[in-house]
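Below is one structure; the comments refer to it alone.
The values are calculated or read from the model by the stated rules, or taken from the named source; none is laboratory data. Here the structure is a predicted model, which is why all the values come from computation and not from measurement. Every residue, glycine as well, gets a Cβ built from its backbone with ideal geometry; the counts of neighbours run over all protein chains shown. Note: accessible area is taken over every heavy atom of the protein model, side chains too, but ligands, DNA and RNA are not part of it. Shrake-Rupley method; radii C 1.70, N 1.55, O 1.52, S 1.80 Å.
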Amino acid sequence: MLIDKIKSVYFIGIGGIGMSALARYFKFLGKDVMGYDRAGTQLTQELELAGIQIVLDSDVNAIGAQFRDAQSTLVVVTPAIRKEDHEQWLFFEQNGFAIKKRSEVLGIITKHTYCFAIAGTHGKTTTTSILGHLLFEAKLDVTCFVGGVVENYQSNLIGQGKTITVVEADEFDRSFLRLFPNSACITSTEADHLDIFGDAKSMLEAFKDFSNLVEDKSKLYVTEQVDLQGVKVGFTKDCSFYIENIIIENGWYFFDIITPKEIIKNVKFGLPGRHNLSNALVAFSMAYNYGVQSDILVKALASFKGVRRRFSYIVRNNDLVYIDDYAHHPTEILAVSQAVHEMYPDKEILAIFQPHLFSRTRDFMSEFAEALSTFDNVVLLDIYPAREKPISGVTSKVLLNQVTSKNKNLVVKEDLISFIKDAKQKVILTIGAGDIGEMVIDIKNAIK
């Protein structure tokens, strides 16, 4: 498939964070872009402001006239929507349209560019956005597809380049094996998506297959936790790139980066948590070895503002702090806990978590309970099902019973804001990958 032959692109599930980035990209290329999603969100509203038409009706008649030509229209679909339940999808299939998954379209794009691919069960979105920001600030011809909204750009698409791409390499459904990376990293290989892989061994094999897509292992970067061949990045002297002399001042990290060529002192970075320092170092190392000068990279790291829903400060003043984070795996929750306790060691913290997927909650029940128990005050919402049906015996109540925090509550979503307004804690966290993110603005308005 040649992208320059396509005149229009129709998205089924356009409101997804990855899908919406592709939609913006095709709009930038001058294509007609339209899409369906089941409900309007902040993301779909932003797409409409960018001139992209959104429909919330799956009826075939809602498809625009210019998107009905099978010879010039590409249809992009998401596995989050079932084909059997969607009239438009069936219409496109029955009439011979080219229908591609998001990962397949990214594969087509990356095949014809120099591609940086960011893989790992944790840290993909933040590392991708940092690398995209570094390359953009270096004035390279880059487009970066991000699985989150980058605060510097208020978009999930950085740049409008045609020769370099930065993409998240998603292990779900082995999608990352459809990419064509010239340089790649793997931030972590902890077990996740066991509903797809079956077991941790099968998931690790998929990461090995991904690593083999990069023939030159000097362009494959791995953290200390990843047992694969590549350029090691981390916090010890065994690594090719490592960080030392870390201090915290006024909510900022300052540290030194040791590279194979030089020592770069007093680097400044604003995202809390050691996991974010690791993400920043991976991105720095990839850009550094690509040839970007260290002074440009240091300045860009200091100016990076973060990704929406990745330890995002929603309210931040002397009286109250409200942070929102996308964490949906036990390791990610532990990373958030480490960061918030490091930044606010003397303040009482309220952690509100919405579990994501019945299968993930089942597979990591004890790990979730252990991670959540690092907070003294915990609220659980009901499990967000996403693509799944309920699993017998897997509920937030069962999880809450295993949490050992001194104060713990199960709250229905409709009562959450009232609960928060009555809370005494001065640091509030909302955590999860479900629709809790849609409540952030309402929570902010209520507590201010």
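Per-structure values
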| read-out | value |
| --- | --- |
| Calculated log₁₀ intensity ratio I(q)/I(0) where the Debye formula runs over C-alpha points of segment 127-242, q = 0.14, 0.22 Å⁻¹ | -0.65, -1.29 |
| Theoretical FRET efficiency, 1/(1+(r/R0)^6), r = Cβ-Cβ of Asp69 and Asp442, R0 56 Å, to 0.05 | 0.85 |
| Per-selection metrics, segment 1-138 (Cα): Rg and Dmax in Å | 15.3, 46 |
| Computed lengthening from Ser240 to Ile108, 0.36 nm per intervening residue step minus Cα-Cα distance | 44.3 nm |
| Ser392-Glu348 pseudo-label distance in nm [points 7 Å out on the Cα-to-Cβ vector] | 4.2 |
| Solvent exposure of segment 354-398 as accessible area per residue, Å², 1.4 Å probe | 43 |
| Residues of segment 109-174: accessible area per residue with a 1.4 Å probe, Å² | 29 |
| Value of relative contact order over the chain, rounded to a whole percent, pairs C-alpha under 8 Å and six or more apart | 11 |
| Relative contact order (%) - criterion: Cα under 8 Å, at least six apart; region: segment 229-271 | 27 |
| Cross-link pairs beyond the 21 Å C-alpha cut-off, checked among Lys237/Lys261; Lys347/Lys424; Lys7/Lys101; Lys31/Lys101; Lys305/Lys347 | Lys305/Lys347 |
| Charged-residue dipole, Cβ positions (Lys, Arg, Asp, Glu), segment 1-155 about Cα centre, Debye nearest 20 | 440 |
| Percent RCO, i.e. relative contact order, over segment 288-340, from Cα pairs under 8 Å lying at least 6 residues apart | 21 |
| Segment 226-283 versus segment 33-76: alpha-carbon centroid distance in Å | 42 |
| Lys5/Glu48 FRET efficiency (R0 25 Å; Cβ-Cβ; nearest 0.05) | 0.40 |
| The chain: Cα Rg divided by the 2.2 N^0.38 Å rule of thumb | 0.97 |
| Dipole of the chain, positive direction: furthest Cα of Ala287, Leu277, Ser211, with charges on the beta-carbon | Ala287 |
| Carbon and sulfur %, accessible surface of segment 1-108 computed with the full protein complex present, 1.4 Å | 46 |
| Selected from Gly273, Gly230, Gly291 as most flexible by GNM, with the chain as the system and alpha-carbon contacts under 10 Å | Gly291 |
| Protection proxy ranking, peptides 435-446, 386-397, average beta carbon neighbours within 10 Å, highest first | 435-446, 386-397 |
| Selection of trypsin sites (Lys or Arg not before Pro), segment 226-317, meeting DSSP coil and at most 10 other Cβ within 10 Å | Lys237, Lys261 |
| The chain, dipole about Cα centre (Lys/Arg Cβ +1, Asp/Glu Cβ -1), debye to the nearest 20 | 700 |
